[in-house]
Amino acid sequence: YVTDVSNLTQINKTTSTTYSVSLSLYKSKEKKYDFQLYGGPSYNKSQTSLQPDLNNDGYSASASGSFSLFLPGKLQIKSDANVEYTGKTKSFNEDVTVLILNSSIVKSFFKGENLKLSLKGKAVKVF
């Protein structure tokens, strides 16, 4: 909502549309490894009713990947990463890239591997 100088409240309507294409690759071998890549570009179109000339139209892209390795001794190493890129628009004058990385080591116990101990780490970088 926006209240102008005459104290009239107007509703701001935002219309957003995203066009995107993506590609995904996956490879797995039971109790050996899992591997996945995913990503693609997007175009985002956004417009508001109260300021139609100030839109957020722009390009973006995303990519992610993950892997899991099964090691002897019921150990597993896992990692995944996600990168999001957003290009500058009329409202935001800088490109933004965010990288998130997660990693873990997992130790399974018992014959059915129904007890797991995990050590996890996470890193986030914005540039």
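From the coordinates of this entry, Kirkwood radius over Cα pairs in Å is computed, and it appears in (1) 14.8; (2) 16.7; (3) 18.3 under the label (3). Ligands, DNA and RNA left out, the 1.4 Å accessible surface of the chain is 59% carbon and sulfur atoms.
The residues of segment 31-127 expose, per residue, 70 Å² of accessible area to a 1.4 Å probe. In a reduced charge model with +1 at each Lys and Arg Cβ and -1 at each Asp and Glu Cβ, segment 27-127 shows a dipole moment near 780 debye about its Cα centre. Shown in residue order for segment 23-39 are the 3J(HN,Hα) couplings computed by the Karplus curve 6.51 cos²θ - 1.76 cosθ + 1.60 at θ = phi - 60°: 9, 10, 10, 9, 9, 8, 9, 3, 6, 10, 7, 9, 9, 8, 10, 8, x Hz (x for Gly and Pro).
The values are calculated or read from the model by the stated rules, or taken from the named source; none is laboratory data. Everything numeric in this text was worked out from a predicted model, so none of it was measured. With ideal geometry, Cβ positions are generated from the backbone for all residues, glycine too; neighbour counts draw on all protein chains shown. Remember, those area values only see protein heavy atoms, side chains included, never the ligands or the DNA or RNA. Shrake-Rupley method; radii C 1.70, N 1.55, O 1.52, S 1.80 Å.
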